[in-house]
Number of protein chains: 2
Amino acid sequence: MASLQSPPPFPLVLKLESITDLSPEERQALLGLPLRVQEFRADQDVVREGDRPIQCCLILEGFACRYKLTEKGKRQIFAFHTPGDIPDLQSLHLKTMDHSLGTLTPCKIAFIQHEHLRELFRQHPRLAEVFWRDTLIDAAIFREWMLGIGRRSARTRLAHLLCELFMRLKVIGLAGSNSIPLPLSQAEMGDALGLSTVHINRTLQELRGEDLVAWDGGILTILNWEGLMQAGEFDTTYLHLQDCAAA
Amino acid sequence: MASLQSPPPFPLVLKLESITDLSPEERQALLGLPLRVQEFRADQDVVREGDRPIQCCLILEGFACRYKLTEKGKRQIFAFHTPGDIPDLQSLHLKTMDHSLGTLTPCKIAFIQHEHLRELFRQHPRLAEVFWRDTLIDAAIFREWMLGIGRRSARTRLAHLLCELFMRLKVIGLAGSNSIPLPLSQAEMGDALGLSTVHINRTLQELRGEDLVAWDGGILTILNWEGLMQAGEFDTTYLHLQDCAAA
DNA sequence: CGCCTATTTGATCTGATTCAAACAATGTGG
DNA sequence: CCACATTGTTTGAATCAGATCAAATAGGCG
């Protein structure tokens, strides 16, 4: 009875409810946003450094990342993005993109006109705060990554990243009880952690050798969550999950 | 005739006008914010990781930084802050501090109740956008630092930092034509760039040896701006200075 | 002066990069 | 269904940028 199943959850609502509470009206307003949906293949740029977008991207399906290249062509990935994220929300207030957004896997992406977001914020001022909050969490994640890249060992950094991805995918309902899809190449992980592909490979083997995780066919399985958190010096505070109102 | 001089410019207005335009009413509203001013010595924490502030800090005088420590006690500095900055503006929307704010030099700091900022935003909704914009630029700087720490050489990173500090101090009127106060120890620069003190020392000598900069008595003099920008792969785009309206 | 902190220098070590090549998996077209 | 191309993973060896350790020098200042 396919016709009886409830509509698929709207990723944006799921994502925002992982960091705050939404009123029914707010939820309704988000559902009503006019979207233009577009499919992308893997490894395609969605927005490029230097662009001056008049719309924001909402990821509906797939993995994407934000990155920038060095003059020598080295890449640093700043963030991984998953369904429900609006990676270039900043373009609403910063006219020129200072970095690029690209897909990592095939993606379904919805475009929302700045115009419509501004109108949404006029109607629901608290939603503006929620989105502001979201960009602040974004920045908090940058800081945590900086701490890792600047001051932690390769092993700690990688373990930390895996912990983060597990947590983030969990709260948006994309994680199994102890596994997540991890459709990243080792080169991409290296670009995110400021390490070479070769070193990622060896470090990953280390974590697997200690039975902290398993990785097969794009699926990461957490074998020892406590151990992995410890190896990654992982503390969820910086993700600011739902601490808006409560303790 | 000291009594005839105009009042000292309010750093916050100066800072915000470096990234956007303000209407006379908005300027007036900012000037009217109730402040509680407090003096700090160097190397003191103003806000600490884990705190749940009910106010924001506005730096009036001095240098401060945001940082976090590794479990092994290593420090990563995320940002340097100068007069006009509100380094913990995020506490308005993220209840728990995920990092600390400390002084680097003696500082004069004004505290603004969250309450008063919220009221300000109610009266002047566009100011909320301006402050949001400011936190987005903050994040853009984090990304640029990440790119440096992750993918650039020590020499490039250091040159880049010096370029950034020069530009930022210039727009708030704290730079000479080719010099700025740089009251940082080499250890602090190291903590910001993810390098050891010793290596900062040698790298700094390199830049001085090439006559790109001079550094004496806490004053950094730019001897060759073009050369320094090139050495640092420096491009101001990420600072988003006043691109709000114009080109 | 003497104390404390910051800079500088030298020597040694190491985590991570680079280069190179093998190997595995996946997909493509004939 | 196989040959081939392509892309990602794995392994080994050599190298290097930057860390660490240790000690000397130089400022600032009560």
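The values are calculated or read from the model by the stated rules, or taken from the named source; none is laboratory data. Source: prediction; values computed, not measured. Neighbour counts are summed over all protein chains in view; Cβ atoms, including those assigned to glycine, are modelled from backbone coordinates with ideal geometry. When the accessible area is computed, the model is the full protein with side chains, heavy atoms only, and any ligands, DNA or RNA have been set aside. Shrake-Rupley method; radii C 1.70, N 1.55, O 1.52, S 1.80 Å.
Normalising by the residue count of region B:154-247, find the relative contact order in percent from Cα pairs under 8 Å and 6+ residues apart. Walk me through the numbers before you get to the answer.
On the way: 102 pairs, mean separation 34.0, N = 94.
Dividing the mean separation by the residue count of region B:154-247 yields 36 percent.
Along the charge dipole of the protein assembly as shown, which of B:100, B:34, A:38 sits closest to the positive end, that is, farthest toward it, with unit charges on the beta carbon of Lys, Arg, Asp and Glu (+1, +1, -1, -1)?
Result: B:100.
On a 1.4 Å probe surface of the protein chains, which of B:171, A:198, A:213, B:46 comes out largest in accessible area, and what is the full order?
Numbers: B:171 55, A:198 80, A:213 5, B:46 30 Å².
I get A:198, B:171, B:46, A:213, largest accessible area first.
Using a 10 Å cut-off around each Cβ of peptide B:126-139, what is the average number of partner chain Cβ atoms that fall inside?
Numbers: counts 0, 0, 5, 6, 1, 1, 9, 4, 1, 7, 11, 4, 5, 12.
Going residue by residue through B:126-139 and averaging, the value is 5.
Report, in debye and to the nearest 20, how large the dipole of chain B comes out about its Cα centre when Lys and Arg carry +1 and Asp and Glu carry -1 on their Cβ. Mind showing how you got there, number by number?
Working: 26 positive and 31 negative charges, 102 e Å.
Dipole of chain B, to the nearest 20 debye: 500 debye.
Can you tell which of B:54, B:77, B:86 shows the greatest fluctuation in a Gaussian network model of chain B with Cα springs below 10 Å?
Among B:54, B:77, B:86, the largest mean-square fluctuation in the Gaussian network model of chain B belongs to B:54.
Work out Dmax and Rg for chain A from the C-alpha atoms and quote the Rg first, both in angstrom.
18.3, 56
Average partner chain C-beta neighbours within 10 Å, per residue of B:187-200?
1
Report residue B:67's accessible area, 1.4 Å probe, all protein chains in place, as a number in Å² to the nearest 10.
Accessible area, nearest 10 Å²: 30 Å².
Along the Cα→Cβ direction, 7 angstrom out, place labels at residue A:199 and residue B:153. What is the inter-label distance in nm?
Those two pseudo-labels are separated by 1.7 nm.
With the calculation restricted to Cα positions, what are the radius of gyration and Dmax of the protein assembly as shown in angstrom?
Taking only Cα atoms of the protein assembly as shown, I get Rg and Dmax of 22.7, 88 Å.
Leaving out same-chain residues fewer than 8 places away, which lysines sit with a Cα under 29 Å from that of residue A:15?
A:68, A:95, A:108, A:170, B:68, B:95
Can you give me the pair-distance distribution of region B:87-231, C-alpha pairs, 5 Å bins, whole percents?
2, 8, 14, 19, 19, 14, 10, 8, 5, 2, 0
Can you run phi through the Karplus equation (6.51, -1.76, 1.60; θ = phi - 60°) for region A:128-138 and list ³J(HN,Hα) in whole Hz, with x for Gly and Pro?
4, 5, 4, 5, 4, 3, 4, 5, 6, 5, 3
Count, for each residue of B:87-96, the Cβ atoms from other chains sitting within 10 Å of its Cβ, then give me the mean as a whole number. Before the final figure, lay out the partial values.
Working: counts 0, 0, 1, 8, 1, 4, 13, 11, 6, 5.
Across B:87-96, the average partner-chain Cβ count within 10 Å equals 5.
Which far-off residues, 5 or more places away or on another chain, put their amide H under 5 Å from the one on residue B:104, with H placed in the peptide plane?
For residue B:104, whose amide H was placed from the backbone, the distant partners under 5 Å are B:43, B:63, B:64, B:65.
Dipole size in debye (nearest 20) for region B:154-247 around its Cα centre, Lys and Arg Cβ +1, Asp and Glu Cβ -1? Kindly include the intermediate steps, with their values, before the conclusion.
Numbers: 6 positive and 11 negative charges, 27 e Å.
For region B:154-247, the charge dipole is close to 120 debye.
In percent, what relative contact order does region A:9-239 have, based on Cα pairs under 8 Å that are 6 or more apart in sequence? Working shown, then result.
Details: 385 pairs, mean separation 47.4, N = 231.
In percent, rounded to a whole number, it is 21.
Which Cα, out of B:197, B:159, B:176, lies furthest along the positive dipole direction of region B:154-247 (beta carbon charges, K/R +1, D/E -1)?
B:197
Using only DSSP helix segments of four residues or longer, with each worth -39500 (n - 2.57), what per-residue ellipticity at 222 nm results for the protein assembly as shown after dividing by its residue count and rounding to 500?
On the way: 16 runs with 196 residues, N = 494.
For the protein assembly as shown, the value works out to -12500 deg cm²/dmol.
Would you work out if region B:54-157 is rounded, prolate or oblate? Take a ≥ b ≥ c from the square roots of the eigenvalues of the alpha-carbon gyration tensor; rounded if a/c is under 1.5, else prolate when a/b is larger than b/c, oblate otherwise. Kindly include the intermediate steps, with their values, before the conclusion.
Numbers: a/c = 1.98, a/b = 1.62, b/c = 1.22.
It is prolate, given that a/c is not under 1.5 and a/b is the larger ratio.
If you put +1 on each Lys and Arg Cβ and -1 on each Asp and Glu Cβ, how big is the dipole of the protein assembly as shown around its Cα centre, in Debye rounded to 20? Show your work: numbers first, answer last.
On the way: 52 positive and 62 negative charges, 76 e Å.
In total the dipole reaches around 360 debye.
At 0.36 nm per residue, and after removing the present C-alpha to C-alpha distance, how many nm does the segment from residue A:61 to residue A:170 gain when stretched out fully? Spell out each step's value before the answer.
Details: separation 109, 0.36 × 109 = 39.24 nm, distance 1.52 nm.
Fully extending the segment from residue A:61 to residue A:170 adds 37.7 nm.
Bin all alpha-carbon pair distances of region B:154-247 at 5 Å intervals from 0 and give each bin's fraction as a whole percent.
Reading upward from the zero bin: 3, 13, 24, 26, 19, 8, 3, 2, 0.
Per-residue HN-Hα couplings for region B:150-163, Karplus 6.51 cos²θ - 1.76 cosθ + 1.60 at θ = phi - 60°, whole Hz, x for Gly and Pro?
x, 10, 10, 6, 4, 4, 5, 4, 5, 4, 4, 4, 5, 4
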